[in-house]
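Here the structure is laid out as structure tokens; the discussion comes afterwards.
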Amino acid sequence: MNLSLGFPEFSQELSLASKSSLEAVVSLFQRAHQDPDSPVRAIHHQPAAEGLFAEIPAAVDARLRTALAQRGIARLYTHQAEAFDHIEQGRNVAVVTPTASGKTLCYNLPVLNLLLRDRGACAMYLFPTKALAEDQLHELHRAIEEMGSEICAFTYDGDTPQDARKAIRQRANVVLTNPDMLHSGILPHHTRWARYFERLRYIVIDELHYYRGVYGSHLANLLRRLKRIAEFYGTHPRFICCSATIANPRELAEALVGEPFELVERNGAPRGEKYFIFYNPPVVNRQLGIRRGYIGETRRLALEFIERNLQTLVFANNRLATEVLITYLKDACDRGPAPEAKVRGYRGGYLPRERREIERRLRAGELRAVVATNALELGIDIGSLDAVIMAGYPGTIAQSWQRAGRAGRRQGASAAVLVASSAPLDQYIVEHPDYFFGRSPEHAYINPENLEILLAHLKCAAFELPLRDGEPFGQHDTGEICRFLEEAGFLHHSAGAWHWTSDTYPADATSLRSVSSDNFVVVDITGEPKVIAEVSFTAALTTLHEKAIYLHEARQFHVKQFDYAERKAYVERVDCDYYTDAIDYTRVAVLEEFEGEALAGARRVQGDVRVNRQIVGFKKIKFYTMENVGAGKLNMPEQEMHTTAFWLHFPADFLARFTAYTPPEKQNGITGLGNALRTVAALLLMCDPHDLGVALSEETAGGLTTFEPNLYLYDAYPGGVGLSAPLYRLAPRLLKQTAELLAGCQCDAGCPSCVGPVGEVGERGKEVAARLLAELTALHPVAAAAGTRGEE
């Protein structure tokens, strides 16, 4: 093993470190960090902190006090006591404290206290995933048993057997569910839940920070429907929201629920010692700006922790990276530090039974390492971990701290390592640690007034209960929308209300999380046919096309048939040394311009666009060497989406100023500019980079000889989620900071950390992008450092 990457003395000392000493490994990282050229770019030390305590409030039932005492809880953390006081006084509460700070007791304590006083009362717990609801049900059952109470708590989700559902509706005091089930399985059938809604007192929303962007916009409309149903049955439940650290928890809670909230943010929980390490793979070709692959470096670092018997959780940012890392670690462990079975993968496509088994074995300490997507990011109890390694920056500061918090949950010392990829955002973060450690986490934004989302939920609301004339539902005029739905054949106006008349079931047509609610089932036909996984619609197009190699728990499956109509993929087990990566083509067309103005001879514009995306082929990538060993063409169904976008229009006379460059060089420069703009836009908006798409139109004007392209940054969701309008307003700042990004990058002609690698943007791509920015911003001194040699 060679962690040194050019620092042999570091590697030798590391190999001599105690097999079980986290401190010894961290100390060697610290010594390596003293060299300014070390790949260890920063080490942030978070010292241990004592807890702050408060007496258990007098209003807490004696049976509940006894149950707490049996767990050794004689006092509460201060934030738990503060939350209890607010809730007892009838206020909505948003609790925002770090991971593993005892947020669960913030809602279980007042809910159980009420249910002990009022046996008929009810509460609803909303969790973003079924796994988290199942995990919290065990905690709740344990507390109920310790009190000797007859309180009934059940999960109610897609896995709940049909014969159990009626009993749950009739008996449950606490229902633990998720927004998807509330949307399609509870609210449309509220008459069956009449007893429950008549007694509903509390609604708990856990992992509040998870509900941002599209999902959060859907949840805000879903909660409007829930409150409407509760009001129909004569109840006005209070809300208890819990969140990991974000910049605007109260604002987010109030936007989701539409009511005022009290904020509890002073954390009273003790904190274990933590080391947060930034690791940037070393440059292997400075001229081209190429670094060692972050996947390979993550593998090296993970094996160093695994070899020392330190339980490690590795996070990857996508399904493919997860499966590749599982393959690498299983291969390495099979030859050395641990049995291959001690390493497992964990992601959304695995079947529920597999995921529960992995969670159990991780808690029990039976697994040495797990490679996961963000599916393990949330508060599922996975026991005490020693280290977390992130293969690539998750996209936000809040998400990074959430992942880092999965280690050391039992207050012991822990380490978190961020391994940067060559993506511009990763490079910015890892080379500017003060930006990461010195500022508050991001804001979480939602846009519940998104017309496409609002329209979908208004249909559902009308199906559930007639919409009264003048009844508010968001900020739009519901009367106008209802008249539109009447023309479409969905509603009919009668007796001062709008009634649902269609024979369709609107909740089925609306997915809260994705463009399409259709998932693909993966069927292994190697022997007796069996279902091995479930894949979302969008992921299926890139991972389950015919001839693809589908990866599942480090095993390779060849896709024999992709049945688009039936939403099934049939695969066979194979043993090969490569995986496949899909190639897509995106085309954008303007539908309507909302606003636009001149910008130094070009134009900035904001409006509606149509995005067409098609998977046109795939590459075969060899494991370890990452060589391209083949390719194939595909003819997959084209996907169309209407959304909003911000774009820059470059007229022919503007581009004519750049006489030193050929037309292909200008096009490469604009492509590189788009790559850099997307990175800076994600930082400015504090959004996930995947929320923004980038595309260059190859449009002409006045015949085939005049090139007048548009460079689009578009919202990557149908209808948009409100990102394009602020980008339009922030355009001068966006261009200025992009120019600074290019000027500050040390590469000669372009690299993945700025405009993209030379192979994608050409030898002069960075130079052209810098000249374009200089012209657009009139910041010639800033851009000059990024290369204006072509004009001299």
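The values are calculated or read from the model by the stated rules, or taken from the named source; none is laboratory data. In this text, all values refer to a predicted model and were calculated from it rather than measured experimentally. Backbone-built Cβ (ideal geometry, glycine too); neighbour counts: all protein chains shown. Areas reflect the complete protein model, heavy atoms only, side chains present, ligands, DNA and RNA absent. Shrake-Rupley method; radii C 1.70, N 1.55, O 1.52, S 1.80 Å.
In segment 221-233, the residues that are free of Cβ contacts under 8 Å to residues at least 60 places away in the same chain and of a type in the set (Phe, Trp, Tyr) reach residues that are open to solvent by less than 30 Å² (accessible area, probe 1.4 Å) and not in a helix (DSSP H, G or I) with C-beta atoms within less than 8 angstrom, at least six apart or across chains, in these pairs: Tyr233/Leu200.
Within segment 321-354, being at pLDDT below 90 and crowded, with 23+ Cβ neighbours inside 10 Å holds for one residue alone: Gly349. Scanning segment 420-428 finds no residues that are closer than 23 Å to Ala100 by Cβ, among the acidic types (Asp, Glu) and out of contact with any strand residue (DSSP E or B) (no Cβ under 8 Å at 6 or more places or on another chain).
If only residues of segment 355-383 that are aliphatic (A, V, I, L, M) and part of a helix (DSSP H, G or I) are counted, the one that is most open to solvent (accessible area, probe 1.4 Å) is Ala375. Checking the condition at pLDDT below 90 and touching a helix residue (DSSP H, G or I) at 6+ places or on another chain (Cβ under 6 Å), which residue from Leu692, Leu677, Leu655, Leu673 passes? Step by step, each of Leu692, Leu677, Leu655, Leu673 is checked, and only Leu692 is at pLDDT below 90 and touching a helix residue (DSSP H, G or I) at 6+ places or on another chain (Cβ under 6 Å). Cβ-Cβ contacts under 8 Å between residues 6 or more apart (or on different chains), taken from a first residue in segment 731-756 that is farther than 19 Å from Tyr294 by Cα and outside any loop (DSSP other than H, G, I, E, B) to a second residue that is open to solvent by less than 30 Å² (accessible area, probe 1.4 Å) and of a type in the set (Phe, Trp, Tyr), are listed as Ala731/Phe646. For the structure I just gave you, tell me whether Ala456 is small (Gly, Ala, Ser) and within 27 Å of His209 (Cβ to Cβ). Judged against the criteria, Ala456 is a match.
Taking each residue of segment 414-425 that is crowded, with 24+ Cβ neighbours inside 10 Å and looking for partners that are in a helix (DSSP H, G or I) and hydroxyl-bearing (Ser, Thr, Tyr) with beta-carbon atoms closer than 6 Å, six or more apart or interchain, yields Val419/Tyr294; Val419/Thr298; Ser421/Tyr294; Pro424/Thr679.
Residue-by-condition table, conditions (1) closer than 18 Å to Arg225 by Cα; (2) within 26 Å of the chain's Cα centre (by Cα):
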{"residue": "Gly148", "(1), (2)": "no, no"}
{"residue": "Asp159", "(1), (2)": "no, yes"}
{"residue": "Gln162", "(1), (2)": "no, no"}
{"residue": "Asn173", "(1), (2)": "no, no"}
{"residue": "Ala194", "(1), (2)": "yes, no"}
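Annotation: of all residues in segment 127-164 being among the acidic types (Asp, Glu) and within 13 Å of Leu176 (Cβ to Cβ), the one that is least open to solvent (accessible area, probe 1.4 Å) is Asp157.
Quick one: Ala444 ticks every box in (1) at pLDDT below 80; (2) of a type outside the set (D, E, K, R); (3) closer than 17 Å to Asn317 by Cα; (4) part of a loop (DSSP other than H, G, I, E, B) except a single one, so which number is it? With (1) at pLDDT below 80; (2) of a type outside the set (D, E, K, R); (3) closer than 17 Å to Asn317 by Cα; (4) part of a loop (DSSP other than H, G, I, E, B) applied to Ala444, the lone miss is (3). Where strands (runs of 3 or more DSSP E) fall wholly inside segment 570-681, the ranges with 2 or more residues that are buried (at least 18 other Cβ atoms within 10 Å of the Cβ) and touching a residue at least 12 places away in the same chain (Cβ under 8 Å) are 578-599, 602-622, 639-649. Only residues that are charged (D, E, K, R) and crowded, with 18+ Cβ neighbours inside 10 Å were counted across segment 442-470, and they come to 3.
Filtered by the rule that a residue be out of contact with any helix residue (DSSP H, G or I) (no Cβ under 6 Å at 6 or more places or on another chain), open to solvent by 10 Å² or more (accessible area, probe 1.4 Å) and either under 22 Å from Ala375 (Cβ atoms) or of a type in the set (S, T, N, Q) (or both), segment 542-555 gives Thr542, Thr543, Glu553, Arg555. Among the conditions (1) part of a loop (DSSP other than H, G, I, E, B); (2) over 20 Å from the mean Cα position of the chain (by Cα); (3) modelled with pLDDT under 80; (4) within 21 Å of Thr510 (Cα to Cα), the only one that Arg410 does not satisfy is (4). Taking segment 8-32 as the search range and keeping residues that are under 24 Å from Ser400 (Cβ atoms) and open to solvent by 70 Å² or more (accessible area, probe 1.4 Å), which one is modelled with the highest pLDDT? So, considering only residues that are under 24 Å from Ser400 (Cβ atoms) and open to solvent by 70 Å² or more (accessible area, probe 1.4 Å), the one modelled with the highest pLDDT is Gln30. Taken over segment 303-320, the criterion of being in a loop (DSSP other than H, G, I, E, B) and buried (at least 19 other Cβ atoms within 10 Å of the Cβ) is satisfied by Arg308, Leu310, Gln311, Asn317. Of the residues making up segment 60-72, those that are in a loop (DSSP other than H, G, I, E, B) and either touching a Gly at 6+ places or on another chain (Cβ under 8 Å) or surrounded by 16 or more Cβ atoms within 10 Å (Cβ to Cβ) (or both) are Val60, Asp61. Summed over segment 254-291, the residues that are open to solvent by 10 Å² or more (accessible area, probe 1.4 Å), in contact (Cβ under 8 Å) with a residue 12 or more places away in the chain and under 14 Å from Ala420 (Cβ atoms) give a count of 4. Out of the residues in segment 81-115 that are out of contact with any Gly (no Cβ under 6 Å at 6 or more places or on another chain) and among the polar types (S, T, N, Q), which is most open to solvent (accessible area, probe 1.4 Å)? Only one residue tops the list, namely Gln89. One residue stands out among those in segment 489-513 that are closer than 22 Å to Pro128 by Cβ and open to solvent by less than 50 Å² (accessible area, probe 1.4 Å): the one that is modelled with the lowest pLDDT, which is Ser511.
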